[in-house]
1. Conditions: (1) within 23 Å of A:PHE405 (Cβ to Cβ); (2) touching a strand residue (DSSP E or B) at 6+ places or on another chain (Cβ under 8 Å). A:PRO117 meets all but one. Number of the miss?
2. Restrict the check to region A:632-642 and report whether at least one residue is surrounded by fewer than 19 Cβ atoms within 10 Å (Cβ to Cβ), in a helix (DSSP H, G or I) and more than 36 Å from the chain's Cα centre (by Cα).
3. Scan region B:86-124 for residues that are in contact with a helix residue (DSSP H, G or I) (Cβ under 6 Å, 6 or more places away or on another chain) and free of Cβ contacts under 8 Å to residues at least 24 places away in the same chain and jot them down.
4. It is to be established whether one or more residues within region A:68-75 are more than 32 Å from the chain's Cα centre (by Cα) and not in a loop (DSSP other than H, G, I, E, B).
5. Out of everything in region A:467-478 that is surrounded by fewer than 19 Cβ atoms within 10 Å (Cβ to Cβ) and touching a Leu at 6+ places or on another chain (Cβ under 9 Å), what residue ends up being nearest to B:ARG107 (Cα to Cα)?
6. Might you check whether a residue that is out of contact with any Ser or Thr (no Cβ under 8 Å at 6 or more places or on another chain) and not in a strand (DSSP E or B) occurs anywhere in region A:227-236?
7. Mind checking which pairs have a first residue in region A:437-452 that is closer than 17 Å to A:LEU353 by Cβ and a second that is outside any loop (DSSP other than H, G, I, E, B), Cβ under 6 Å, 6 or more apart or different chains?
8. Quick check on region A:533-583: of everything there that is more than 30 Å from A:THR506 (Cβ to Cβ) and of a type in the set (S, T, N, Q), which residue is nearest to the other protein chains (Cβ to nearest Cβ)?
Amino acid sequence: MRLDPRPGERIDRSEPIRFTFEGKLVEGFAGDTIGSALYAGGRRVFSRSFKYHRPRGLLCCSGACPNCMMEVDGVPNVRVCVAPAHEGAVVKAQNVRGSLERDLMAATDKFGGPFTPVGFYYRTMIRPRAAWPLFEKFLRSAAGLGTIDKHARRTGRYDVEHRHADVLVIGGGSAGLEAARAAAASGEHVVVVDENAPRGDAPGGLELLAPATALGIYEGGLVPVAAGRILYKVRAKRIVVATGALEQPVIFPGNDLVGIVLPEAVRRLVHDFSIRPGEKAVVLAADDDALAIADDLRDAGTQVLEVVDLRNGPHRISASGTKGRLNGVGVEGVRYNCDLVVASGGRQPAYSLLAQAGATVAYDEGRGVFVPRDLPANVEAVGSVTGEGTGSIAPAKTLLGDKTFVCLCEDVTEKDVKRAIAEGFDSIELAKRYTTVTMGPCQGRLCHLASVRMYARETKQGEDAIGTTTARPPWSPVELGLLAGRPHEPGKRTSIHHRHKEAGATMMWTGSWRRPHSYGDPAAEARAVHESAGLIDVSTLGKLVVRGPEAAVFLERIYPNRFADLKPGRIRYAVLGTDGGRIMDDGTVARIDDETFYVTTTSTGAEGVIEWFEWWNAIWKLDLSIVDVTGAVAAVNLAGPQARELLGPLTDVDLAPDAFKYLDAKQGKVAGVPTLLLRIGFVGELGYELHFPSPHGETVWDALAATGATPFGLEPQRILRLEKMHVLIGQDTDSESNALEASMPWIVKFEKDEFVGKWALEHVQERGMRDRLVGFEMQNGSVPPEGGAVVRDGRLAGRVTSARFSEQLGRAIGLAWVPEELAVEDADITLRVSAGLERAKVRLRPFFDPEGERLRS
Amino acid sequence: MSLSLDFLSPALGEPAPRSPLARALARSGIRDLSLDYGVLDARGDLTGHPMEGVEVVRLSPERSFVLCPYRDAPGLREWLEGRGVAAIDASGGYAGLEVEGEAVMRRLTELPLDRCPAVGAVGHVATLVLRDGDRFRLFFRQEYADYMGERVLDALEGLA
């Protein structure tokens, strides 16, 4: 029932707000929460419990407990006691079959108890094993919280915002504000975070984030703060935690009945929302502040039947109700008929953020609470979170009666905890995992102290010996959308990307790059390369300039093949190895002048190669610089028998075979753009790789495309390179592959004094080859799967790394790792294809143009 | 036959270069700096070589970015090389844009904005941030141009 207007109330009675609950209209005022508007309208049952589907009503009214979680505008698990009411909101109950008043699953409470003890799902329903998915589906639908719509689309936006401050104060109560003002007075930039909406103006000189919740304290003073749909990432030099203390429920039979509330609920209902919480009340409390709630109740017109100070010794308490709603409470054998019990077992410091930051937590025997100790550097605590003014009482010995709940979130009863201890789960950390106590939405706010105490009592140890569970972020539940942030992925695009899209290319990811898979017909694109000329964007290749008086020495040391003797204007293939002799990357090295080399890497290996180069030169300290020019330079490959003819009119470089030989590098202009031309080829045909400044990407591409060259994507490129048996690092090799067994012994110059990985490759040479990367040709035309097995005598003997059907060759070809003894031309191997085995012939020479005549033409 | 590194310099091209941000920022009102500034990646001590009309951003004791007018990059590179400073024309490798206000920057980066110039993640992309009052110039690798354009516009939309 709504009271007459009161000074200080948060609601604005001049501004009505309407929303629906379960399809029925609810009226409230601006300033109401959804929960307060529902309560004012007479609603008392707000949810059904996690496991037993017992009715639950408002308990804390401050966003700490699980009792008021509902679905609001499609978002599940919203605590409506703190969620502002807004016009047109659609509010629904969750985790019910039927309605909140008549939930079919409530049968679990009446009949399921003996069959659903703590951890029952670890023991029952596990056989037959095949039926577990069915059981699991049933259990998940029967228990739990709200439902996420797996097909829901992103609604609204969530943002992340960064803040830097000298001081971050978490908690805007009196102690927090006092600390904040003091810091601000000394000229520091102070940010205050508070869970409650500010009353009136923000304190002068302070930046206030409210209503907002600090989710954790991470290294480096990073504190994520959830504020509606914005996640603030605050970094502060100093953090002051003023999170106060949490009222603790009293543990007694029937302690979850609707109508049993914490004092804070009464404070908020009466003072903030001007609502009479109940008609007849009993107050059970263990501190003066809580006992004073009786005055608030009387002020609101509630008849207070009894006020019990729990500090005067343990009291035997038991509540009873009808259909889950309180109708009376017994205290020391005296029964009081009432619809409201305000119960508080005292206040426990809300130390979780401090514990996350690294503080130790110890039990204070005198106060009966856990308090933080040994705070880490730059973290301070003020107010009742330190233990100041707090204290709590131990629960009385249990009476017979209704269920006694230790954990309301997970429906863990006193009996469950005892049973877990009897089964050997005798530490609080094990109990947490087995019973799930403290693992629910309240994150131990209302159940941690009670469960530790119960463990202490049942195992006859002190609370300090039992200890606390580990505090981990997030301290409060947070919407997944807030953690996800904006839907952006930092993908790389070449300067020719939009031309590919305009030409209808299907794009694919290669590492962090977007590249054309094909332009619609991979086979036709491959055919064009063989018959006329094709054009592919290879701007994604890593590109480095290695420059300095000792650049040649560096390359000589880092690669297994020779570069000191490479002449300016010439190119050499380069395979990079680790110090363990494993293949790391490959590419080409072109010598620009005596002191300058232009190195290319694979598209996905660029960053790794640069780090590798810099790491080694940090040791060698050679006089050179390594500059990454990957993004600065675009590159395209024009390949095919007509490549020379098509490129000629666009460039001032003499392309005649004698003037521009295979593995030559030339410079000149292509379409008016300064270009480095490399005569190399990955696809087995006469080819020119053109490297030029990225801002001219579209200009050069357009000019080449206008000659009639056919754009081709990665898929036709993979067919073409396979025909030449060119190895794709990372596809045909893995972290164990070395150049010798990958059939590239010619790349390793053992006669060099030293190179990275030399000792390891010498070891391979000494022990002999075990496996070899070879080509294979299918005998029946079927294409084996990449990663498929090479089978010998019914056992796994190797694996297929690449396989494609080559239209040019009219058969399926591929590369595979096989045992050394099978690495013989024409040897028969067996490959697993689908469910069966297929025969293939080993090939050691390229399938297409084995002499390389077309490439060198 | 010796070659040169001219193929790194977009300003030496006869056709007009195209900004990598041209599409992303079209009609957005955000200033595209990509073709305003040339970028030299310089190794060596620049303190003894006063240069007019350029900005030097020291990334480490041995490495600096030199920002100059776009067309001046090849000439400036030669000038530096003649004075023993190894410089690479990296103009084609960077895109740049200018945004106004701390609010949008706070949505993009955790860098402390009172300590610019700085290098760090802006929208998860390594970026050089230069501050002039309430204006921020951001330079990042050109292959992220579409992404960064989209990211900045989205951040502005979130603040609108």
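The values are calculated or read from the model by the stated rules, or taken from the named source; none is laboratory data. None of the values given here were measured: they were computed from a predicted structure. We place every Cβ from the backbone using ideal geometry, glycine too, and count neighbours over all the protein chains shown.
1. Of the numbered conditions (1) within 23 Å of A:PHE405 (Cβ to Cβ); (2) touching a strand residue (DSSP E or B) at 6+ places or on another chain (Cβ under 8 Å), the odd one out for A:PRO117 is (2).
2. If we filter region A:632-642 for residues that are surrounded by fewer than 19 Cβ atoms within 10 Å (Cβ to Cβ), which is where we start, we get A:641.
Then drop every residue that is not in a helix (DSSP H, G or I), which leaves none.
Within region A:632-642, none of the residues are surrounded by fewer than 19 Cβ atoms within 10 Å (Cβ to Cβ), in a helix (DSSP H, G or I) and more than 36 Å from the chain's Cα centre (by Cα).
3. B:LEU113
4. First, the residues of region A:68-75 that are more than 32 Å from the chain's Cα centre (by Cα): none.
No, region A:68-75 contains no residue that is more than 32 Å from the chain's Cα centre (by Cα) and not in a loop (DSSP other than H, G, I, E, B).
5. A:VAL478
6. Yes, the conditions are met somewhere in region A:227-236.
7. Correct list of pairs: A:THR438/A:LYS432; A:THR438/A:HIS448; A:ARG445/A:LEU246; A:LEU449/A:GLN348.
8. My answer is A:ASN561.
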